[in-house]
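Student: Let me begin by handing over the structure; questions about it come next.
Bear in mind that the values in this text are calculations on the coordinates, not laboratory data. In this text the structure is predicted, and so the values were computed from the model without any measurement. Note that we place each Cβ from the backbone using ideal geometry, even for glycine, and neighbour counts take in every protein chain shown.
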Amino acid sequence: MTEDDSPSPQATEGAGAYPTVVFAHANGFCKEVWRPVVAELGALTSDVSWLSVDLLGHGDNLDGDGPFSLDTLSRDLSRRLSDVTGAVGVGHSSGGAAIARAETLDPGTFSHLVLIEPIIFPPPYRVIDIPLAHAAEKRRVVFSDRQAAYDRFVNGPFVSWRQDALDAYVDFGFVDTPNGWRIKCQPAVEAEVFRQGLNHDTWDRIERIEVPATIVAGESSETHREPYLSSLADRFVESEVIIVPETGHFVPMERPDLIASIIAQVLGDL
């Protein structure tokens, strides 16, 4: 990737001799939430080259006006990865769907997909005004300071997260302003991504993907259960399903060590 084509500051890069690992985060978050996984991965394998990307409308990738559909997010991701080939694509939730769809847009970008609770569901494809979208619209935008934001999340929706993952979100998913600790991903953007979550045909596009996929789900997941998981896995040319015990949808934040071990295994098999 040349300096001119580099997605910085929308991406953070490491260096090494192993095949590149590309990370895409879930809706509402930022590229830095992968830092605990990267740290764990570095302890398991040496010389890993990695790239973590902010999806459109998230983190430091705030220049686009939308629409914030999965297709738009995927095309933006694919553009940022224009010089990447043969990477291991790791995506969580909407980021998992974006990774898979990016491979259909530019085959060969990835050599293996690690999709963690990906938002890839069968038709009918449609916009749905789900409760998560309403909750996102009501999200608090500004806290008095970093500690106030941390206290809100550690005692609330992210209570199951490992501390370093929560630290990464609070430190990099917000910006320090004269008026307080302000969230980067605006509630309207997060809500639109939620409403558009089922409005993409990635399920049908999977047949274009010629690389293996590892599909990861939390044991307590409310959405990624059987028989759906097997149906999703069967659409790939080669696939494996891994259920992570005692986790829910936020597997990478709850067990970054296990996600790192899965990625290390994939790298070792390439």
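Student: Scan the chain and note any complete DSSP helix (H) whose C-alpha atoms cover at least 18 Å along its axis and whose Kyte-Doolittle average is -1.0 or more. Let's see the in-between values first.
Tutor: Details: long enough: 256-269 (20 Å, 1.11).
Membrane-span-like by this criterion, though nothing is claimed about a membrane: 256-269.
Student: Using the beta-carbon distance between residue 208 and residue 147 and R0 = 45 Å, what value does 1/(1 + (r/R0)^6) give for FRET efficiency, to the nearest 0.05?
Tutor: 0.45
Student: Net charge near residue 45, counting Lys/Arg +1 and Asp/Glu -1 over other residues with Cβ under 14 Å of its Cβ?
Tutor: On the way: positive: none; negative: 40, 47, 257, 269.
Result for the neighbourhood of residue 45: -4.
Student: Pull up all non-local amide H partners of residue 215: gap of 5 or more, or a different chain, and H-to-H distance under 5 Å with H placed in the peptide plane.
Tutor: Excluding prolines and chain starts, which carry no amide H, the hits are 115, 240, 241, 242.
Student: Sequence-distant or interchain residues sharing an amide H contact under 5 Å with residue 27, placed H: which?
Tutor: 94, 95
Student: What's the extension gain from residue 137 to residue 246 if we count 0.36 nm per residue and subtract their Cα-Cα distance?
Tutor: Numbers: separation 109, 0.36 × 109 = 39.24 nm, distance 2.93 nm.
Between residue 137 and residue 246, full extension yields 36.3 nm more.
Student: Rounded to whole Å, give me the distance from the Cα center of region 135-154 to that of region 174-206.
Tutor: 16 Å
Student: Okay, moving on. Using label points projected 7 Å from each Cα along Cα→Cβ, tell me how many nm separate residue 39 and residue 223, to one decimal.
Tutor: The modelled label-to-label distance comes out at 2.8 nm.
Student: Distance in nm between label sites at residue 231 and residue 261, each 7 Å beyond Cα in the beta-carbon direction?
Tutor: 3.1 nm
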